[in-house]
């Protein structure tokens with residue numbers, strides 16, 4: 001995929017729903033499901049999305065699923081395929097992840113740091129799920145302000 005210049009468009013929130021069914025119907029093949037780490041390590045551009053309206057329109061849920069690979073008390077599903085919070089954020093923002101001259105002008109000011117240090121993938125996922133937008137700017141205009 002990398003050699004061909006393809007981007008993998010993935011909806012990681014589905015891994016939360018697909019976990020039990022996959023294990024039941026295709027035991028022993030779980031390592032092939034949502035191979036996010038393998039894609040990034042192979043230099044395949046990754047574009048995370050929500051797949052709304054099938055899944056909730058919540059980028060933080062998608063990023064948390066990619067980072068921790070579990071939404072309940074169970075351990076992460078195929079944890080070797082997890083990605084970091086920084087990789088999830090970059091894959092959710094067309095790879096930009098920063099504000100600088102020449103970057104797209106749409107911005108969101110958050111209520112906290114989505115990349116704050118965490119002691120585990122579960123804690124990192126919780127930090128991502130808790131993020132809320134305080135201000136949203138589209139094409140230089142404030143379109144939402146919760147302050």
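Here, each number is a calculation from the coordinates, and none is a lab measurement. Keep in mind that what you see is a predicted model, and the values were worked out from it rather than measured. Counting neighbours? That spans all protein chains shown, and the Cβs are built from the backbone with ideal geometry, glycine included.
For the reader, a short list of remarks on this structure follows.
- Residue 135 paired with residue 9, simple spin-label distance in nm, labels 7 Å along Cα-to-beta-carbon: 3.2 nm
- Of interest is the spacing of the C-alpha centroids, which for region 1-74 and region 90-140 amounts to 19 Å.
- Tensor-based shape of region 1-80 (alpha-carbon gyration tensor, a/c under 1.5 rounded, otherwise prolate or oblate): oblate
- Our estimate of slack between residue 147 and residue 101, defined as 0.36 nm per intervening residue step minus the Cα-Cα distance, is 13.9 nm.
- Helix 121-130 axis, angle to the chain major axis (alpha carbon atoms, nearest 10°): 40 degrees
- Ranked by the mean number of other Cβ atoms within 10 Å of their residues, highest first, the peptides 35-42, 104-111 come out as 35-42, 104-111.
- The chain: most fluctuating residue of 48, 115, 61 per GNM, C-alpha cutoff 10 Å: 115
- The chain: relative contact order as a whole-number percent, Cα under 8 Å and 6+ apart: 21 percent
- Whole-percent pair-distance distribution, where bins are 5 Å wide, for the alpha carbons of the chain: 2, 9, 17, 21, 21, 15, 8, 4, 2, 1, 0
- Taking 23, 121, 84 as the candidate residues, the one with maximal mean-square fluctuation in a Gaussian network model of the chain, Cα springs under 10 Å, is 23.
- Annotation: the residues 142, 10, 44, sorted from fewest to most other C-beta atoms within 10 Å of their own C-beta, follow the order 142, 44, 10.
- Helix-only [θ]222 nm of the chain, DSSP H runs n ≥ 4, -39500 (n - 2.57) each, per residue, nearest 500: -9000 deg cm²/dmol
- Cβ crowding within 10 Å ranks 14, 141, 68, 103 as 141, 103, 14, 68, fewest other Cβ atoms first.
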